[in-house]
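Data block below; observations after.
The values are calculated or read from the model by the stated rules, or taken from the named source; none is laboratory data. Because the structure is predicted, anything quoted here is derived from the model rather than measured. Note that we place each Cβ from the backbone using ideal geometry, even for glycine, and neighbour counts take in every protein chain shown.
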Amino acid sequence: MRCDVVRRFLALSFLVPVAAAAASPCAAQTPAPGAAAKECLRINATPADQIPWDQHAQVYNHWVDVCRQAAAGDADNVNLKHILGRALMATGRRAEAIVIWRELGDNNDAAALFEIYDMYKSYYRSDVNEPQVVKRAEAEQALRKAAALGHPYSIMMLAVLLDRGSTVKRDPEQAIVWAERAAASPARDPDPIKDVRPIDMQVLLGRLLVKSSDPDKRARGIELLGKLGAAGRGDAAAYLAEAIRGCDPARARALLEQAVRSYPGSALAPLADMLIKGEGGPKDEKRALSLLRGRSAAGAEHAQAYLGQLMLEGRLVQGNVAEAVRLIGPWSQWDFDTRLQLAHLLADNPDVQISYADHLVYDLTEASELGEPGALVALIALKLSRNGQFRDETGGCKLVMEAAGRGDGDAARRVAECKALVR
């Protein structure tokens with residue numbers, strides 16, 4: 001490394017004290033234990049955008065070095081261990097970081113347990129063939145334990161995942177249990193949850209309650225969403241509209257008309273559906289299509305998916321499977337049933353391609369392992385299809401034989417197909 005580069009690097013206020021750099025600009029600086037801890041904390045507090053891009057690697061490698069020294073000199077300092085873990089993650093040393101998170105997690109450190117889940121969620125939910133430092137079962141166990149220990153963000157995430165299905169198996173009633181806790185103790189940690197407010201947890205709770213089969217819970221959800229909608233939360237009004245649509249379509253449609261101005265992502269799809277079907281007021285197919293193709297719908301994934309459904313049916317718009325798949329795809333990451341539909345569409349239409357095909361395979365593999373209804377059937381259909389992005393005769397037939405051996409009727413019907421393939 002040239003000396004002029006080293007001087008500029010060491011003189012940065014967020015790296016090492018200027019006085020130390022001036023003493024020997026080209027020599028490696030090894031701070032004393034106390035100084036190492038201060039340096040570790042100082043770099044940790046420095047926003048990433050204040051570090052020039054061309055110096056990130058140098059700064060973060062130095063960060064690891066001083067934090068490692070500081071943690072070794074103060075083995076009982078949990079905060080330093082946490083920061084060392086973050087420094088290791090910043091340099092891509094995830095295998096080393098997970099050792100720290102696991103050690104802290106074994107001692108009931110909720111924040112470290114969340115980091116284990118977050119590492120899985122962020123880095124390992126793509127290619128099923130990639131080696132995984134954290135596997136799904138460990139991530140689920142860590143998230144559940146962190147939530148049980150009272151970690152606010154973990155509580156919220158567990159509620160969301162129990163409803164949506166990802167990493168943990170869907171369980172609507174348990175989702176409500178954890179959403180109740182999230183609403184009682186909303187996440188206030190600025191990292192990683194900067195934009196979730198107490199009212200967001202109330203909306204989540206209300207949305208889950210109105211989907212319950214328990215009349216009392218459903219009534220509570222309707223009351224809660226009504227209050228939140230009246231307070232200006234358009235998404236709450238949209239969820240309320242969907243809940244009362246069957247018994248009071250006129251009010252539901254009025255709520256959606258109001259909500260679409262502030263929360264189009266939540267209101268556009270159900271409003272368009274009511275307009276097309278003439279529920280709660282006059283039928284207006286032209287306006288429904290205008291809404292679905294308007295500027296507000298461009299970033300509304302549910303509305304885009306609804307337009308895709310119309311396209312599949314060839315209803316009001318010209319049929320186009322490839323374009324429908326493109327429109328449905330983004331919403332499928334949030335809605336399990338849409339994910340299954342997407343898989344079957346791709347299996348039945350081998351010429352249709354999608355971006356991030358590995359992610360869909362991973363999601364279906366995970367859901368199959370969790371025993372989500374329909375996931376294994378969809379995964380097998382993809383692997384045994386003629387779609388070049390997904391065809392995997394060996395993997396598909398292995399799943400067929402394993403499932404048939406467990407008495408799975410759907411798999412048993414494909415055994416003959418697999419035997420023919422290996423002849």
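Name the single residue that is nearest to D118 (Cα to Cα) among those in the stretch 137-153 being in contact with a Ser or Thr (Cβ under 8 Å, 6 or more places away or on another chain) and either small (G, A, S) or in a loop (DSSP other than H, G, I, E, B) (or both). It comes out as A139.
Can you confirm whether the stretch 257-264 contains a residue that is free of Cβ contacts under 8 Å to residues at least 60 places away in the same chain, of a type in the set (S, T, N, Q) and assigned to a loop (DSSP other than H, G, I, E, B)? Yes, the stretch 257-264 has at least one match. Each residue in the stretch 43-93 was checked for being within 14 Å of E115 (Cα to Cα) and touching a residue at least 40 places away in the same chain (Cβ under 8 Å), and 4 pass. Checking every residue in the stretch 331-346 against the condition of being part of a helix (DSSP H, G or I) and at pLDDT below 95 gives zero matches. Any residue in the stretch 205-213 that is hydroxyl-bearing (S, T, Y) and in a helix (DSSP H, G or I)? Within the stretch 205-213 (the criterion being hydroxyl-bearing (S, T, Y) and in a helix (DSSP H, G or I)), the answer is no, since none of the residues qualifies. Residues being in contact with a Leu (Cβ under 6 Å, 6 or more places away or on another chain), farther than 24 Å from A303 by Cα and at pLDDT 95 or above are represented in the stretch 198-220 by at least one member.
Taking the conditions (1) over 25 Å from G265 (Cβ atoms); (2) assigned to a helix (DSSP H, G or I); (3) in contact (Cβ under 8 Å) with a residue 12 or more places away in the chain in turn, R386 satisfies each one other than (2).
Which of the residues belonging to the stretch 347-377 are in a helix (DSSP H, G or I) and either of a type in the set (D, E, K, R) or over 21 Å from A403 (Cα atoms) (or both)? Of everything in the stretch 347-377, those that are in a helix (DSSP H, G or I) and either of a type in the set (D, E, K, R) or over 21 Å from A403 (Cα atoms) (or both) turn out to be D348, A357, D358, H359, D363, E366, E369. Among the residues of the stretch 257-284, the ones that are under 15 Å from L225 (Cβ atoms) and in contact with a Ser or Thr (Cβ under 9 Å, 6 or more places away or on another chain) come to 1 in all.
Of the residues making up the stretch 217-236, those that are part of a helix (DSSP H, G or I) and among the hydrophobic types (A, V, I, L, M, F, W, C) are A219, I222, L224, L225, L228, A230, A236. Taking the stretch 400-423 as the range and being over 20 Å from L370 (Cβ atoms) and outside any helix (DSSP H, G or I) as the test, the residues that pass are R413, R414, V422, R423. Of all the criteria given as (1) surrounded by fewer than 17 Cβ atoms within 10 Å (Cβ to Cβ); (2) farther than 25 Å from M157 by Cα, the one not satisfied by P249 is (1). Looking at the stretch 52-133, the helices (runs of 4 or more DSSP H) lying wholly inside it that each contain 3 or more residues that are of a type in the set (F, W, Y) sit at 110-123.
L289 meets each of the listed conditions (1) within 24 Å of the chain's Cα centre (by Cα); (2) surrounded by fewer than 21 Cβ atoms within 10 Å (Cβ to Cβ); (3) not β-branched (V, I, T) apart from (1).
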